[in-house]
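First comes the structure, then the notes that go with it.
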Amino acid sequence: MRTTAFFAFMALLSAGCGGTAQKSPSGNIRAEVFAGKEGLYYTVTHDGRTVIDTSAMGVTVDDTELFRDAALRPAGTRKIDETYSVTGRKAVSEGRCNEYLFDVTHRPSGYKYRLQTRLYDDGFAYRFVLPGDGTRTVNGEAAQWRPPHQSRVWFAERNSGWKLLTYAGEWISTTADSLHIVSRQGPVQTMPLLYRPPDEYVMIAEAALYDYSGMRLRAEPGASLRADLTEQEGFELSGDIVTPWRVTIIARDLDALVNTDIITSLNPAPDPELFADTSWIVPGRSLWSWWGGIDGGFMTLEGEKRVIDTAASLGIEYSTVDDGWEERPDKWKFLHELAGYAQSRGVGLFVWRHWEKLNDPADDYRQMRGFLDSVAAVGIKGVKVDFMNGEGIRQIDFNTHLLKNAARRRLLVNPHGCQKPTGEIRTYPNEITREGVRGIELNRITANYEKRMRDEGHTPDPDRYVPGDENQNIPASHNAALPFTRGVLGAADYTPVAFTMPGGTTAAHQLAFALLLDSPLLTIAENPFVLSGDERYRPALDIIRRLPTVWDETVVLPQSEIGRLAVIARRKGGTWYIAGVNTAPAAVTIPAGLIPATARKAQIVRDAADGSLQTTEVALPAPEPLSVQLPENGGFIAVLE
């Protein structure tokens, strides 16, 4: 990793000298922060256009609104220019920005604290650092965003009390000025939110969520957004209080949006002692017995060994032992034997556990440490911890301790039933993926629900569809939006590839989604025995056997349109993989400039007329541009080499 940070702290004359104007390295993003009698405020522009109109910011601590009647004084600036590696969408990430520091004084009390801002060429971020001793209560934040009100906004809808707990909503859109009334669950929305003014994409998010409660956004009339925290009465912290970064990503197109490095750049580098050796952090694919049930062999020793054998035969790195293993009377003997067998076959195991069996903080999380010691001792490679169901301070502290304790034992972590990522994968690279997404397990849950209905004498309505409802299959529009919404923030354990329960999508649509989201641990939903033995899906095996899960480069093709068509190309070494999913019938053309001069063939997997998959090979260079016709709710994946 190369890091160059040039500090240029300057003594500025006074707060009244107009020293609050800031700009990004190229000058395309500009911001201003200022103090008024009622609070602290900021504005952000992009190429001279207002992106965030005058908006409030500030923190309330111990019932004191520290932003009211505050004096703001510029304290210094520095340029940050760093490159680093994060497992995922590209080999090299860049953090280049101008950072500005401001001393803030709360006049009534004389309390002094600091405001930090960073301006990147694709966004603006700020946070507060509030020094102190002892225990204090954070009662809330004044954080506000006022994006362009005449634009559409994409948000994650879920029509149940789960909406704000697991970030598993369906991605849909509305007008910005109706966001406060569009949801039956009320005006509070999860992050991120993505706005589409005429000239750019604007995403609202947070980064570096540690030792703090996660933020949601309360939509207000006039398209304004306000901070909303889980603990409405506040939460306690000890010592200095450092807020997460409040982030506005600004991208000229979808390719720039997907390739932003802001979220990870705002996170600290990994602890050089904890991660001195990272050879044990091995990305890869995983088979999964829970989704497909493995033909009645779920959680039997014979059935799970067959899954491991299938993984070994396909060259797949992992198998996930999910909920159910602890119900066996011989659970630890079962796990020990399974782990030993997996090791003999060259396959690693992930093991599931409910967070309630790990989250007691007593004695420095002794309960958690004991479990991690046990699974590490039998040779398990990673843990899948589920049902955290929230982003309050309790869950966030738990997540950080889990990542640290797992790293000490060389264990990978896959959090489930959790909030959105905020760049943790940079600081804790053993977080190999995380859920916080509406994934294909919903199709299995829907199938179970419909079976119960039929067993009770009811007939499910095949045409029923309400955006965000429970117990209905994932629509193609959600999949075509995910790479440009939740996917921007980081890895997502969507668990793709559901040939036998695809909802209203096609087999090629399901296969394509294995490439469209970042996930260094790619857990494949389909029954492993169907995947390996069903001739209808045989072309998928040629792709899955060789599909990387980390990439050197990612490019969004310009035809892409949120919620309608997502086409993404990824490069590993000299080979390009291109995948797309759609809603309405479409023709996708692969730009000639994307095809390497050394490529000699294109292998294209698409839908056949009978619902199976078919493979077409095209010699390169081709006399005409490569084009793929996609049916409704279809997809494709192509390999150029």
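The values are calculated or read from the model by the stated rules, or taken from the named source; none is laboratory data. Since the structure is predicted, the reported quantities are computational estimates derived from the model, not experimental observations. Cβ sites come from the backbone with ideal geometry, for glycine too, and all protein chains shown count toward neighbours. With ligands, DNA and RNA removed, areas are computed over all heavy atoms of the protein, side chains included. Shrake-Rupley method; radii C 1.70, N 1.55, O 1.52, S 1.80 Å.
Can you tell me which residue within region 20-35, out of those that are modelled with pLDDT of 95 or more and among the aliphatic types (A, V, I, L, M), is most open to solvent (accessible area, probe 1.4 Å)?
A35
Quick one: in region 255-280, which of the residues that are of a type in the set (A, V, I, L, M, F, W, C) and touching a Leu at 6+ places or on another chain (Cβ under 9 Å) is nearest to F484 (Cα to Cα)?
L257
Is it fair to say G234 is touching a residue at least 24 places away in the same chain (Cβ under 8 Å), surrounded by fewer than 22 Cβ atoms within 10 Å (Cβ to Cβ) and within 24 Å of E65 (Cα to Cα)?
On the way: touching a residue at least 24 places away in the same chain (Cβ under 8 Å): yes; surrounded by fewer than 22 Cβ atoms within 10 Å (Cβ to Cβ): yes; within 24 Å of E65 (Cα to Cα): yes.
The answer is yes for G234.
Select, from P548, P502, the only residue that is surrounded by fewer than 24 Cβ atoms within 10 Å (Cβ to Cβ) and either under 21 Å from the mean Cα position of the chain (by Cα) or part of a helix (DSSP H, G or I) (or both).
That would be P548, the only listed residue that is surrounded by fewer than 24 Cβ atoms within 10 Å (Cβ to Cβ) and either under 21 Å from the mean Cα position of the chain (by Cα) or part of a helix (DSSP H, G or I) (or both).
So is V567 crowded, with 19+ Cβ neighbours inside 10 Å, touching a Gly at 6+ places or on another chain (Cβ under 7 Å) and either of a type in the set (S, T, Y) or touching a residue at least 60 places away in the same chain (Cβ under 8 Å) (or both) or not?
No.
Taking region 87-129 as the search range and keeping residues that are aliphatic (A, V, I, L, M) and open to solvent by 20 Å² or more (accessible area, probe 1.4 Å), which one is nearest to S55 (Cα to Cα)?
If we take residues in region 87-129 being aliphatic (A, V, I, L, M) and open to solvent by 20 Å² or more (accessible area, probe 1.4 Å), then V129 is nearest to S55 (Cα to Cα).
How many of the residues in region 86-130 are touching a Pro at 6+ places or on another chain (Cβ under 8 Å) and on the phi > 0 side of the Ramachandran plot?
Residues flagged as touching a Pro at 6+ places or on another chain (Cβ under 8 Å) and on the phi > 0 side of the Ramachandran plot within region 86-130 amount to 1.
For I595, state whether it is among the β-branched types (V, I, T) and in contact with a helix residue (DSSP H, G or I) (Cβ under 9 Å, 6 or more places away or on another chain).
no
So how many residues does region 130-145 have that are assigned to a loop (DSSP other than H, G, I, E, B) and buried (at least 20 other Cβ atoms within 10 Å of the Cβ)?
Qualifying residue count, region 130-145: 2.
Can you list residue pairs whose Cβ atoms sit under 8 Å apart, with the first residue in region 596-611 being touching a residue at least 24 places away in the same chain (Cβ under 8 Å) and open to solvent by less than 20 Å² (accessible area, probe 1.4 Å) and the second being among the acidic types (D, E) and part of a strand (DSSP E or B)? Count only pairs 6 or more apart in sequence or on different chains.
These pairs meet every condition: A602/E617; Q603/E617; I604/E617.
Could you run through region 302-327 and say how many residues are closer than 24 Å to V385 by Cβ and in contact with a helix residue (DSSP H, G or I) (Cβ under 8 Å, 6 or more places away or on another chain)? It would help to see each step written out before you state the result.
Kept after step one, since they are closer than 24 Å to V385 by Cβ, are these residues of region 302-327: 303-304, 307-308, 311, 316-327.
Checking which are in contact with a helix residue (DSSP H, G or I) (Cβ under 8 Å, 6 or more places away or on another chain) leaves us with 303-304, 307-308, 311, 316-325.
Number of matching residues: 15.
Which of the strands (runs of 3 or more DSSP E) found entirely inside region 170-222 contain at least 2 residues meeting this: over 16 Å from the mean Cα position of the chain (by Cα), surrounded by fewer than 24 Cβ atoms within 10 Å (Cβ to Cβ) and free of Cβ contacts under 8 Å to residues at least 60 places away in the same chain?
It comes to 170-175.
I need the full set of residues from region 261-292 which are closer than 21 Å to A514 by Cα and either open to solvent by 10 Å² or more (accessible area, probe 1.4 Å) or part of a strand (DSSP E or B) (or both), in order please.
I281, V282, P283, G284, R285, S286, L287, W288, W290, G292 - these are the residues of region 261-292 that are closer than 21 Å to A514 by Cα and either open to solvent by 10 Å² or more (accessible area, probe 1.4 Å) or part of a strand (DSSP E or B) (or both).
Give G436, G379 a once-over and let me know the one that is more than 25 Å from the chain's Cα centre (by Cα), at pLDDT 95 or above and assigned to a loop (DSSP other than H, G, I, E, B).
G379
Pick from I562, I590, I604: which is among the β-branched types (V, I, T), modelled with pLDDT under 95, touching a strand residue (DSSP E or B) at 6+ places or on another chain (Cβ under 7 Å) and farther than 20 Å from T495 by Cα?
After applying the criteria, what remains is I590.
Find all pairs meeting these conditions: Cβ atoms under 6 angstrom apart; at least six residues apart or on different chains; first residue within region 396-408 and of a type outside the set (D, E); second residue in a helix (DSSP H, G or I) and open to solvent by 50 Å² or more (accessible area, probe 1.4 Å).
Once the first residue is of a type outside the set (D, E) and sits in region 396-408, its partners that are in a helix (DSSP H, G or I) and open to solvent by 50 Å² or more (accessible area, probe 1.4 Å) give N405/R369.
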